[in-house]
Amino acid sequence: MLYAILCYNDEDAVMSWSKAEDEAVLAKRKRVAREWVDKGKMGPAIRLVPTTGATTIRASGNEQLVLDGPFAETKEQLLGLYIVDGDNLEEVIAFAKRLKDGEAGTFEIRALRVFEKGALPETADVKS
């Protein structure tokens, strides 16, 4: 079953990390994820651009409002996510705990239902 591991943290705190601190966190996560990559159970790992680059579409009556910025002001923001193929929730919880080990913030796990497979090639260009 597919699961999303949603990664929340204080965006200002994460954005204040030095390049070395940021690279250390990502390297640790990559080491942990390697086992799942090798088993073919790891989907994309995605880091979102800062919330200052967000656009929100919200309904107001019959009108669709397009707003700059995130939907809500909160202490923690959704900063990225992992897509994994776990045998069960317990397996994904164990993996997420290892992935998050030593870090602040919150990881939320949600089962996914695929409505459309999509057509983007795996080599689609992404901004880093």
On the given criteria, is Ala27 out of contact with any helix residue (DSSP H, G or I) (no Cβ under 6 Å at 6 or more places or on another chain) and either within 28 Å of Pro121 (Cα to Cα) or among the hydroxyl-bearing types (Ser, Thr, Tyr) (or both)? yes
Out of Ile93, Ile57, Ile5, report the one residue that is part of a strand (DSSP E or B), surrounded by 11 or more Cβ atoms within 10 Å (Cβ to Cβ) and hydrophobic (A, V, I, L, M, F, W, C). Ile5
In the range 73-90, which residues are more than 22 Å from Trp17 (Cβ to Cβ) and outside any helix (DSSP H, G or I)? Ile83, Val84, Asp85, Gly86, Asp87, Asn88
Enumeration of residues in the range 35-54 that are within 17 Å of the chain's Cα centre (by Cα), exposed (fewer than 12 other Cβ atoms within 10 Å of the Cβ) and without any contact (Cβ under 8 Å) to a residue 12 or more places away in the chain: Gly53
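This table checks each residue for (1) within 16 Å of Ile5 (Cβ to Cβ); (2) at pLDDT 95 or above; (3) of a type in the set (Phe, Trp, Tyr); (4) out of contact with any Asp or Glu (no Cβ under 7 Å at 6 or more places or on another chain).
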residue	(1), (2), (3), (4)
Pro44	yes, no, no, yes
Gln64	no, no, no, yes
Ala72	no, no, no, yes
Ala96	yes, yes, no, yes
From the list Ala20, Ala24, exactly one residue is over 19 Å from Ile109 (Cβ atoms) and exposed (fewer than 12 other Cβ atoms within 10 Å of the Cβ). Which is it? Ala20
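The values are calculated or read from the model by the stated rules, or taken from the named source; none is laboratory data. No experiment lies behind these values; they were computed from the predicted model shown. With ideal geometry, Cβ positions are generated from the backbone for all residues, glycine too; neighbour counts draw on all protein chains shown.
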